[in-house]
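K.L.:
Questions regarding the structure given below will be posed in turn.
The values are calculated or read from the model by the stated rules, or taken from the named source; none is laboratory data. The structure presented is a predicted model; accordingly, all values stated were derived computationally and were not measured. Neighbour counts run over all protein chains shown; Cβ positions are idealised from the backbone, glycine included. Accessible surface is based on the protein model in full, side chains and every heavy atom, while ligands, DNA and RNA are left aside. Shrake-Rupley method; radii C 1.70, N 1.55, O 1.52, S 1.80 Å.
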Amino acid sequence: MELFAIRPEIRFGPDALAALEELAGRRVLIVTDEFLARKSGLLEGVKERLKSCEISVFDQVKPDPSLRLVAQGVHALRAFGPDIVLAFGGGSPMDCAKAMRHFAGGNPPPELWCIPTTAGTGSEVTSFAVLTDADAGVKYPLVDDALLPDCAVLDASLLAGVPPAVTADTGMDVLTHAAEGCVARKATPFSDAMGEKAFSIAWRSLSHAHAGDNAAKGEMLLASCLAGISFNAAGLGICHALAHALGGRYHIPHGRLNAMLLPHVIAFNSADKGAADKYARLSGLCGLAKNPRALIGGVKRLRAGLGMPEKLTACGVEGQTLLADLDSIAQAALADVCAPGNPRPATQEDLKAILKE
Ligand code: NAD
């Protein structure tokens with residue numbers, strides 16, 4: 001027997017932030033980053049909707065949240081004792097808030113609401129929280145249904161000021177979630193429906209979003225959430241396993257790593273007939289020839305159009321450094337929770353070959 005469930009309620013559409021008015025009179029801990037809290041002006045719009053609430057703001061989140069940061073956050077959460085933890089930001093604040101609530105305990109724990117301000121991770125609908133052990137240089141996802149948010153609020157107006165480089169990085173994360181989820185071992189017709197829809201929306205919208213089109217940014221926000229629902233059910237694969245291992249070591253944005261790896265992973269996985277058929281289908285949905293090679297070409301062209309690098313050396317990683325780190329990165333990727341979801345089993349040597357490319 002198989003199961004497909006969508007847990008968080010999703011509020012979306014124009015003025016979705018109005019959903020926050022349901023929280024009237026509650027104690028709300030907002031978890032966000034410094035840019036969003038102090039420079040973007042966006043947090044004011046959220047506070048405006050929470051006028052009757054007692055609010056505390058934890059705005060110390062940094063990209064790729066560390067275990068130490070989560071421990072600080074747990075302290076802040078316990079000190080304030082909120083009814084609601086409200087994550088406001090990209091994947092980093094959302095994952096930090098998920099982990100904070102999880103480790104702070106409490107019976108019952110506070111509700112978790114997520115408001116994504118990037119179109120990328122889909123963290124608002126997943127049981128994943130990706131954390132970094134900064135001392136060990138390792139980044140890994142925690143996966144537990146207890147991490148699932150209670151409510152996701154998708155308000156596209158929040159994305160208007162996202163700069164092109166962040167739109168590109170996060171958008172390629174969406175495309176990778178959709179592609180990896182569709183070929184993953186636990187994919188089902190339900191997860192495929194979400195993943196294929198996410199892939200085709202992202203394919204036609206990402207370049208426009210990158211050029212600053214706000215309607216396209218809204219489409220990317222929907223695609224991000226659909227891809228999140230898909231991979232949360234289906235799992236991911238070695239593209240994410242390698243991106244986590246590389247991200248923990250070199251601190252390159254997660255989506256940028258996925259964009260670099262995806263064509264190589266499609267080529268590797270296409271030796272599996274089931275995966276090759278799924279890639280061919282995705283390729284056809286995007287108006288390309290129905291085969292994996294056409295999809296690889298399309299992903300490379302899209303990536304180049306977004307001005308994204310194709311090699312780690314273009315991100316400041318010296319070739320010699322990578323060669324020296326090759327074994328430990330491949331080992332970390334093999335141990336990553338995403339690796340077993342890959343449709344074609346990969347050995348450490350396979351992963352090293354991909355890294356060398
Ligand atoms: P992020 O949250 O780290 O944010 C990147 C940058 O964008 C930050 O500087 C932030 O201040 C800025 N930003 C955010 N919203 C903005 C806005 N509206 N306007 C202008 N600037 C804005 O980036 P991300 O890509 O959303 O998240 C990456 C993290 O999420 C990584 O740690 C990654 O591993 C993790 N992740 C989690 C999941 C999951 O399911 N939980 C899935 C994929 C990735």
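K.L.:
Hey, G106 hits all of (1) near the ligand (Cβ under 8 Å from one of its atoms); (2) open to solvent by 20 Å² or more (accessible area, probe 1.4 Å) but one; which does it fall short on?
P.N.:
Of (1) near the ligand (Cβ under 8 Å from one of its atoms); (2) open to solvent by 20 Å² or more (accessible area, probe 1.4 Å), only one is false for G106: (1).
K.L.:
Working carefully through the options V46, V85, V28, V70, find the one that is closer than 24 Å to G228 by Cβ, in contact with a Lys or Arg (Cβ under 8 Å, 6 or more places away or on another chain), more than 10 Å from the ligand (Cβ to nearest atom) and at pLDDT 95 or above.
P.N.:
Values: V46 fails: in contact with a Lys or Arg (Cβ under 8 Å, 6 or more places away or on another chain); V28 fails: in contact with a Lys or Arg (Cβ under 8 Å, 6 or more places away or on another chain); V70 fails: in contact with a Lys or Arg (Cβ under 8 Å, 6 or more places away or on another chain).
V85 is the lone residue from the list that is closer than 24 Å to G228 by Cβ, in contact with a Lys or Arg (Cβ under 8 Å, 6 or more places away or on another chain), more than 10 Å from the ligand (Cβ to nearest atom) and at pLDDT 95 or above.
K.L.:
May I ask you to verify whether R249 is in a helix (DSSP H, G or I), within 30 Å of P14 (Cα to Cα) and open to solvent by 40 Å² or more (accessible area, probe 1.4 Å)? Lay out the reasoning, then the answer.
P.N.:
Values: in a helix (DSSP H, G or I): yes; within 30 Å of P14 (Cα to Cα): no; open to solvent by 40 Å² or more (accessible area, probe 1.4 Å): yes.
It is false that R249 is in a helix (DSSP H, G or I), within 30 Å of P14 (Cα to Cα) and open to solvent by 40 Å² or more (accessible area, probe 1.4 Å).
K.L.:
Is it fair to say G161 is within 15 Å of the ligand (Cβ to nearest atom), without any contact (Cβ under 8 Å) to a residue 60 or more places away in the chain and not charged (D, E, K, R)? Walk me through it before giving the result.
P.N.:
Details: within 15 Å of the ligand (Cβ to nearest atom): yes; without any contact (Cβ under 8 Å) to a residue 60 or more places away in the chain: no; not charged (D, E, K, R): yes.
Taking the combined requirement at face value, the residue does not satisfy it.
K.L.:
Take segment 89-103 and flag every residue that is within 15 Å of V28 (Cα to Cα) and either more than 9 Å from the ligand (Cβ to nearest atom) or surrounded by fewer than 23 Cβ atoms within 10 Å (Cβ to Cβ) (or both).
P.N.:
Once the filter is applied, which keeps residues that are within 15 Å of V28 (Cα to Cα) and either more than 9 Å from the ligand (Cβ to nearest atom) or surrounded by fewer than 23 Cβ atoms within 10 Å (Cβ to Cβ) (or both), segment 89-103 yields A97, M100, R101.
K.L.:
Hey, among the residues in segment 116-138 that are in contact with a Gly (Cβ under 8 Å, 6 or more places away or on another chain) and assigned to a strand (DSSP E or B), which one's nearest to the ligand (Cβ to nearest atom)?
P.N.:
V130
K.L.:
Which residues, counting only those in segment 8-51, are over 22 Å from the mean Cα position of the chain (by Cα), farther than 16 Å from V85 by Cα and of a type outside the set (D, E, K, R)?
P.N.:
P14, A18, G41, G45
K.L.:
Being open to solvent by less than 60 Å² (accessible area, probe 1.4 Å) and part of a strand (DSSP E or B) is the filter here; which residues of segment 12-46 pass it?
P.N.:
V28, L29, I30, V31, T32, D33
Residues checked against (1) crowded, with 22+ Cβ neighbours inside 10 Å; (2) hydrophobic (A, V, I, L, M, F, W, C); (3) under 25 Å from A193 (Cα atoms):
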site: H244; (1), (2), (3): yes, no, no
site: N258; (1), (2), (3): yes, no, yes
site: A275; (1), (2), (3): yes, yes, yes
site: L285; (1), (2), (3): no, yes, yes
site: L288; (1), (2), (3): no, yes, yes
site: N291; (1), (2), (3): no, no, yes
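K.L.:
If you don't mind, there's one more thing I want to ask. Being in a helix (DSSP H, G or I) and among the β-branched types (V, I, T) is the filter here, so list the residues in segment 294-332 that pass it.
P.N.:
The initial filter retains those residues of segment 294-332 that are in a helix (DSSP H, G or I), namely 294-305, 312-315, 319-332.
Correct list: I296, V299, T313, T321, I329.
K.L.:
Can you report the number of residues in segment 49-67 which are open to solvent by 30 Å² or more (accessible area, probe 1.4 Å), assigned to a loop (DSSP other than H, G, I, E, B) and away from the ligand (no atom under 13 Å from the Cβ)?
P.N.:
Number satisfying all stated conditions: 2.
K.L.:
Which residue pairs have Cβ atoms closer than 6 Å, lie 6 or more positions apart in sequence or on different chains, and pair a first residue in segment 135-153 that is open to solvent by 60 Å² or more (accessible area, probe 1.4 Å) with a second residue that is of a type in the set (F, W, Y) and modelled with pLDDT of 95 or more?
P.N.:
Once the first residue is open to solvent by 60 Å² or more (accessible area, probe 1.4 Å) and sits in segment 135-153, its partners that are of a type in the set (F, W, Y) and modelled with pLDDT of 95 or more give V143/F128.
K.L.:
Consider only pairs whose beta carbons are under 8 Å apart and that are at least six residues apart or on different chains; among these, list those whose first residue lies in segment 37-62 and is more than 16 Å from L17 (Cβ to Cβ) and of a type in the set (D, E, K, R) and whose second residue is near the ligand (Cβ under 10 Å from one of its atoms) and part of a strand (DSSP E or B).
P.N.:
These pairs meet every condition: D59/T32; D59/D33; K62/D33.
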